[in-house]
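In what follows, a structure is listed as structure tokens, so that the remarks can point back to it.
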Ligand code: HEC
């Protein structure tokens, strides 16, 4: 029993150090991005610029981590993930500038562009197929 626990601890430590980013951390960032996206949508609908900007800031904070992904678990590379993350940051900035100019349709288009990046990556997760 003790041996099993030790072995499991070593294995999880190894997986953390190999990827530098655990599954728990990834799920936490993913959930933070989902919450941020919901906040952005709510802000657009309630005509609350401040809420949209807060959502964008939260989205950017969490998506900055997305670049790190274990190979084999998903069929995407670290380079791909980094590009996705970059695109999300770019479209998030667009949401912010659109809403600050009170262009809600544009903000919505930018929002959809972000969602498209999320879905593109999710389509590459092997266990989700
Ligand atoms: C580069 C790849 C990648 C991108 C980009 C990405 N995701 Fe994910 N997402 C994942 C992976 C991998 C998982 C599966 C996590 C796991 O089970 O380890 C996941 C899971 C999730 C989950 C489920 C979390 C749970 O509790 O199981 C949500 C919600 C989510 N992502 C939201 C988003 C949102 C919102 C975006 C865009 C803003 C996004 N993701 C962009 C890779 C990505």
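Readers should treat all values here as calculations from the given coordinates under stated rules, not as data from a laboratory. Since this is a predicted model, take the numbers as computed values, not measurements. A quick note on method: Cβ atoms are made from the backbone with ideal geometry, for glycine too, and the neighbour counts reach across all protein chains shown.
Overview of values
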read-out: Likely footprinting exposure, 103, 126, fewest C-beta neighbours within 10 Å first; value: 126, 103
read-out: Cβ-derived FRET efficiency at R0 25 Å, residue 90 paired with residue 127, nearest 0.05; value: 0.30
read-out: Mean separation of Cα contacts under 8 Å, 6 or more apart, over the residue count of the stretch 21-128: relative contact order %; value: 24
read-out: Over the stretch 27-129: Kirkwood hydrodynamic radius from C-alpha pairwise inverse distances, Å; value: 13.8
read-out: Whole-number percent relative contact order across the stretch 16-65, with pairs defined as alpha carbons under 8 Å at least 6 apart; value: 38
read-out: Residue order, fewest to most beta carbons within 10 Å, for 52, 79; value: 79, 52
read-out: Extension gain from residue 103 to residue 42, taking 0.36 nm per residue of separation minus the Cα-Cα distance; value: 20.4 nm
